[in-house]
1. How do the helices (runs of 4 or more DSSP H) wholly within the stretch B:383-445 filter down when requiring 3 or more residues that are over 16 Å from B:ARG338 (Cβ atoms): which remain?
2. Of the numbered conditions (1) assigned to a loop (DSSP other than H, G, I, E, B); (2) within 14 Å of another protein chain (Cβ to nearest Cβ); (3) in contact (Cβ under 8 Å) with a residue 12 or more places away in the chain; (4) surrounded by 15 or more Cβ atoms within 10 Å (Cβ to Cβ), A:HIS55 fails exactly one; give the number of that condition.
3. I need the full set of residues from the stretch B:77-100 which are within 8 Å of another protein chain (Cβ to nearest Cβ) and either hydrophobic (A, V, I, L, M, F, W, C) or crowded, with 21+ Cβ neighbours inside 10 Å (or both), in order please.
4. For the stretch B:18-64: of the residues being crowded, with 22+ Cβ neighbours inside 10 Å and out of contact with any helix residue (DSSP H, G or I) (no Cβ under 8 Å at 6 or more places or on another chain), which is nearest to the other protein chains (Cβ to nearest Cβ)?
5. Out of all the residues in the stretch B:356-369, which are buried (at least 17 other Cβ atoms within 10 Å of the Cβ) and within 14 Å of chain A (Cβ to nearest Cβ)?
6. In the stretch B:336-355, what count of residues is obtained for those that are assigned to a strand (DSSP E or B) and within 14 Å of chain A (Cβ to nearest Cβ)?
Amino acid sequence: MNDFLNNRKTKLEDFKKNIRKKKTNYEPIDIPDGLFVKCDQCGAAIYEKALDINHLICPYCDYHFRMGASKRLSLTIDQGSFEEMFPNIQSKNPLNMDDYEDKIEKGKKLSGLNEAFLCGTASLVGIKIAIGVLDSNFMMGSMGSAVGEKVTRLIEYATEHSLPLIIFSASGGARMQEGILSLMQMAKTSAALEYFDQKKCLYISVLTNPTTGGVAASFASLGDINIAEKSSLIGFAGARVIKQTIRQELPEGFQTDVFQLIHGQIDMIVHRKDMRKTLYKLLHLHHGKQETL
Amino acid sequence: MKNKILIANRGEIAVRIIRAAKELGYETVAVYSVVDQNSLHVKLADEAICIGGNHSKDSYLNMNNILSAAISKGCNAIHPGYGFLAENSEFVEMVEGCNIIFIGPSSKSISMIGDKAKARMIAKAHNIPIVEGSDGVVDDAQEGLKIAKKIGYPVMIKASSGGGGRGISIVGSDEEFLSAFERTAMEAETSFGDPSLYIEKFIDSPRHIEIQIIADAKGNVVHLYERDCSMQRRNQKMIEEAPSTILNDLLRRRLGMASIKLAKAIQYVNAGTLEFLVDSKGNFYFIEMNTRIQVEHPVTEAITGIDIVKEQIKIAYGKELSFKQRDVKIHGHAIECRINAEDAMHGFTPTPGKIVNILFPGGNGVRIDTHIYPGYEVPPFYDSLLAKLTVHAPTRREAVKKMRIALEQFVIEGIPTNIEYQYLIMHNLDFIKGQYDTGFIARFNTLVEAGTNE
Amino acid sequence: MDTMTIKEIQSIIKDFEKSSLMILELEMEGFKLKLSKNKIDEVTIKEEYNSQQQTQTQKIENKPNHTLIKSPLVGTFYAASTPKGKPFIEVGQQIKKGQVVCIIEAMKIMNEITSPFSGIVKEILVHNGDVVGFDHNLIRVGEDNEK
């Protein structure tokens, strides 16, 4: 019966072809661009809006997409509680590097921010905090003088007001275009954290994907508690460079979040969906009586 | 470009939609899982494309694959049928985002009224009676008592994690309440591991009455009268009929008006069904709204003469309803029996397998909606519906007689089905008298199992 | 011989899983091992449908020692990465496991399809721009040492 039905279908199709004057060609539907995004890890097509609602996490393989500073804040702190600080600190081109100014403009457009670091005060489930977020859309979240200055001033503000401090890092490292000035920021931010530490206040550093270079080697690794967001790459130099330098195979899982946890570089790995809850728990445990917003 | 519709479903409803689309002159594309490659809907459609593995989640529930199929094949509309993705507002949003027509209501309507709790609130806001309840878990007996007093006795105390008729107590007064609450909590703890309870007004011998509505994009809403779907086994419908034996004209008009009011309030477009419970005193209570075409739509088509699926397609492509409320009348009586691949005589176990041969009944007022054919292999991965047998006659008495003969003449060779079981029901005195409620099948089943034949 | 080490037992279990055996009983002095795959229903149903599929899917016969690369997605097949570009593979070419053989575009996202096995490309069964469904046969691959 099955074959009979199939034959009949073919017969009908041939019949229709003869009596129909012209054959209609169906073009694929032209869907709007950017409606679907490809997952970097599993390659699945994700509906953009669905991805946004799911905290920029792939619903199929749990891969955590990179996230801009504003979106990060909206997922973490209490709605409407953010008060931005130092918005006008911007980069110049002290070493007159070619293309640097163009790159800054591009970074501003892609991130919607003036620099790669967004900071200010906010409340997290009612607890007042000083918070800063690096945005990898702005020149890979690289740290130059402006970023370093903002980070430092944030830390100093938190020191002065005895606020708990949370910094989300996502960076390729120090900003090459500013040479030694960028590298100096590593020392500057670390020094500011030393004074903060003397005040016995809590600093939680959240390392997101990727946190590398001068940022990883300075303030990002100096938290009282270092949290890695799930599936983050954390390291100093690039894996390939290390391999070529030491001329050895790298261990499996090198520079992944799990690897760093095992080797004591970070204290915990937190899934993006649990981040706000976890930060609240830690703040609640560690801070004494503070004024709430 | 000519209109081309992708049918995102399988089985008898896919066949139904393909027929309606072809009658309207539109091209059709069928989708199928690997095991369904020889299914009838694949053979009847103009084109077909495989969309995934056998399990529903890999194929008929795979939004990406179905959408990609529609886009690649150049389909400008998708009909979801019933079940699967028909009421998945995320899927509908994706379809809308791709500028493809979804043959059904908007994703906004679906998420608004598809949520049971939200639907109840909307109904309440429009003075449509709902089954009063605690709106969630009741923390302790005292709170429960307050709610019970407010709702009015009798009330049902139900286990939140419950099912299968367990963890339910019916309480008739304040005095009984506290001990019943404690008792039910303990029963819930032991049976389901969760002692949390909620409260609902108890409706005595309810009938499940649903109203079919259809609306176009211009705001015209028409109701197509009711269907009585009280013949259920474990909340699965077995037999449906229209009109209902317990509605008088006044009640019918009130239900119809309430349905239109709600549909207009949410600016609903396309076909939908509002479910109500009606008690022995003629009080009706809104339960929920189904934002899709339903399995039992043939009985409504029979008594009104309106092709609902065709209207769905026409509305989706922007046409206005071709009729007004005053044009719709009830003609005669229709009964539908669902024929399933299950061994009704032995606990309703599913019976997938090869159908060796079939003899379909026919004649005046006998309609079959099916996807089975001689030699067809019923796969074990999906629901057990094989066919819908609908009869239409001038009176209910004649309809029952016609159904008996049709069931007698319906032969499916190769796997056990529930044809015999349905035949027995057609001879049951209570059913013949039209006196039954949602508890009928459960009681009938005990008779059948005991070997007696009423 | 002493009793089996854990590693040896694990190795036996791995081999058993990979094989088509359903039951394995191993008895040695002081040691007895029984393994069984109890997926009866799945297997019998799978067998029935597998035999159906082999006769029905497309007109290509299952030639000995040939394997088929099937589509994991629904979309449009492209032989090259750009419209005028060089195709990823051609007939007679040696391919390795994991090598990109074609692109399937779904919802404007280009997905590189990699070969699950090594061998020689015998036949490319679809044309550039064809719409393919899930499990659609794309490329027939033969063994390396075939003439």
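1. The helices (runs of 4 or more DSSP H) meeting that bar are B:396-409, B:429-433.
2. Among (1) assigned to a loop (DSSP other than H, G, I, E, B); (2) within 14 Å of another protein chain (Cβ to nearest Cβ); (3) in contact (Cβ under 8 Å) with a residue 12 or more places away in the chain; (4) surrounded by 15 or more Cβ atoms within 10 Å (Cβ to Cβ), A:HIS55 violates only (2).
3. Those that are within 8 Å of another protein chain (Cβ to nearest Cβ) and either hydrophobic (A, V, I, L, M, F, W, C) or crowded, with 21+ Cβ neighbours inside 10 Å (or both): B:MET94, B:CYS98, B:ILE100.
4. B:ASN64
5. The answer is B:ILE358, and nothing else.
6. 1
Let's see how each residue does on (1) without any contact (Cβ under 8 Å) to a residue 24 or more places away in the chain; (2) of a type in the set (D, E, K, R); (3) away from chain B (no Cβ under 12 Å):
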| position | (1), (2), (3) |
| --- | --- |
| A:ASP3 | yes, yes, no |
| A:LYS9 | yes, yes, no |
| A:ASN18 | yes, no, yes |
| A:TYR26 | yes, no, no |
| A:GLU48 | yes, yes, no |
| A:ASP102 | yes, yes, yes |
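Conditions (1) free of Cβ contacts under 8 Å to residues at least 60 places away in the same chain; (2) surrounded by fewer than 22 Cβ atoms within 10 Å (Cβ to Cβ); (3) in the same structural domain as A:MET97 (by TED's automatic domain parsing), marked per residue:
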site: A:PRO164; (1), (2), (3): no, no, yes
site: A:ILE167; (1), (2), (3): yes, no, yes
site: A:LEU181; (1), (2), (3): no, yes, yes
site: A:GLN198; (1), (2), (3): yes, yes, yes
site: A:VAL215; (1), (2), (3): no, no, yes
site: A:GLY223; (1), (2), (3): yes, yes, yes
site: A:LYS243; (1), (2), (3): yes, yes, yes
site: A:LEU250; (1), (2), (3): yes, yes, yes
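The values are calculated or read from the model by the stated rules, or taken from the named source; none is laboratory data. Predicted model only: the values in this text are computed from it and were never measured. Cβ atoms come from the backbone with ideal geometry, glycine included; neighbour counts cover every protein chain shown.
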